[in-house]
Amino acid sequence: MTWIILQLIVDFGLIVLIWMVQLLIYPSFKYLNKEALFSWHNRYTMRIAFVVIPLMFSQLALTLFSCFKNTTLLSCLHLILVLLAWVTTFGIFVPIHKKLSNNNSNPQLLQKLVNYNWLRVIIWNAVFAVLVIQINNY
């Protein structure tokens, strides 16, 4: 398996994950009372980390490798989008999840989580689209 196929699998895995989060996981939080949400959210974040962290680090490593191996406008755009996904994840979503982990939930915060997450949906779909265009240009 070449690195580009691995990169395609990782990028696609993040698309599947972010759509599941957007359509299933985050919206389901509003159906839990505050105590249940606090309990479930702490378990959820620990478990989802086992999926998200390896995928995000793999994506970053493969994207850096790709960008340095074959520096093109598309590979640089791919890297910028991956870095943007990191910035939004750690700049917006980690703080929201910390509030939820500290039992500071409210309907507005839960809606903010869903609404803001569309940004990551768009970013990770763009990451995948750029990679597909890169592959077609090889």
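The values are calculated or read from the model by the stated rules, or taken from the named source; none is laboratory data. Keep in mind that what you see is a predicted model, and the values were worked out from it rather than measured. Cβ atoms come from the backbone with ideal geometry, glycine included; neighbour counts cover every protein chain shown. Each accessible area value is taken on the protein alone, full model and side chains, heavy atoms only, with ligands, DNA and RNA left out. Shrake-Rupley method; radii C 1.70, N 1.55, O 1.52, S 1.80 Å.
Just a few scattered comments:
- Members of the stretch 42-54 that are in contact (Cβ under 8 Å) with a residue 24 or more places away in the chain and buried (at least 16 other Cβ atoms within 10 Å of the Cβ): Val52
- All helices (runs of 4 or more DSSP H) inside the stretch 64-138 with 1 or more residues being open to solvent by 10 Å² or more (accessible area, probe 1.4 Å), farther than 29 Å from Asn42 by Cα and free of Cβ contacts under 8 Å to residues at least 24 places away in the same chain: 73-88, 107-137
- Residues located in the stretch 17-41, provided they are over 15 Å from the mean Cα position of the chain (by Cα) and surrounded by 15 or more Cβ atoms within 10 Å (Cβ to Cβ): Pro27, Phe29, Leu32, Leu37, Phe38, His41
- Flag for Phe68 being over 17 Å from Trp124 (Cβ atoms) and out of contact with any helix residue (DSSP H, G or I) (no Cβ under 7 Å at 6 or more places or on another chain): yes
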